[in-house]
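The values are calculated or read from the model by the stated rules, or taken from the named source; none is laboratory data. The model shown is predicted, which means the values in this text are computed figures rather than measured ones. Every residue, glycine as well, gets a Cβ built from its backbone with ideal geometry; the counts of neighbours run over all protein chains shown. Areas reflect the complete protein model, heavy atoms only, side chains present, ligands, DNA and RNA absent. Shrake-Rupley method; radii C 1.70, N 1.55, O 1.52, S 1.80 Å.
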Amino acid sequence: TPQGRRALEHLVKSSFVEAEARRRGLSVEPAAWRAFLDRSTRDLAERGLGSLDAWLAREGIDRATFERYARIDLLLEQLVRQDLGL
C-alpha cells in the first residue's frame, strides 16, 4: 500500500541517517532542537494553526513520533551541509 511504502522508506531513511550521523559524530544539540521547536511554533501560529501540541493532536501524531522524525530530519540537514561544505 502507499502507506506501507512510505513507512518502509522512512525506516530505511531513518536507519541510514542515524548510522551515518553516528559514524560522523553528529548529533542534534539542545540549542538546535530549541531553535527548531521555536521556528515550528512560530510557523504554525503565523499560519493560524494553533500550538504545536494542538496541531499534532489534529494530525493524529503523538509528540514522541514527531520528535523522532524531526530529529532525523535535522540530522539529515547536518549531513547534507557537511557534504556540501556549508
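Points worth noting:
- Qualifying residue in region 7-19 (condition: part of a helix (DSSP H, G or I) and touching a helix residue (DSSP H, G or I) at 6+ places or on another chain (Cβ under 6 Å)): yes
- Inter-residue pairs, beta-carbon under 7 Å, first on the phi > 0 side of the Ramachandran plot and free of Cβ contacts under 8 Å to residues at least 24 places away in the same chain and in region 1-27, second of a type in the set (Ser, Thr, Tyr) and open to solvent by less than 80 Å² (accessible area, probe 1.4 Å), 6+ apart: none
- Subset tally (residues that are of a type in the set (Lys, Arg), under 16 Å from the mean Cα position of the chain (by Cα) and either loosely packed, with under 13 Cβ neighbours inside 10 Å or more than 14 Å from Leu74 (Cα to Cα) (or both)) for region 1-41: 3
- When region 74-86 is filtered for residues that are part of a helix (DSSP H, G or I) and open to solvent by 80 Å² or more (accessible area, probe 1.4 Å), the ones remaining, listed by number, are Glu77, Arg81, Gln82, Asp83, Leu84.
- Check on Ala64, under 13 Å from the mean Cα position of the chain (by Cα) and open to solvent by 60 Å² or more (accessible area, probe 1.4 Å): yes
- Per-region count, region 42-51, residues surrounded by 11 or more Cβ atoms within 10 Å (Cβ to Cβ) and not in a helix (DSSP H, G or I): 3
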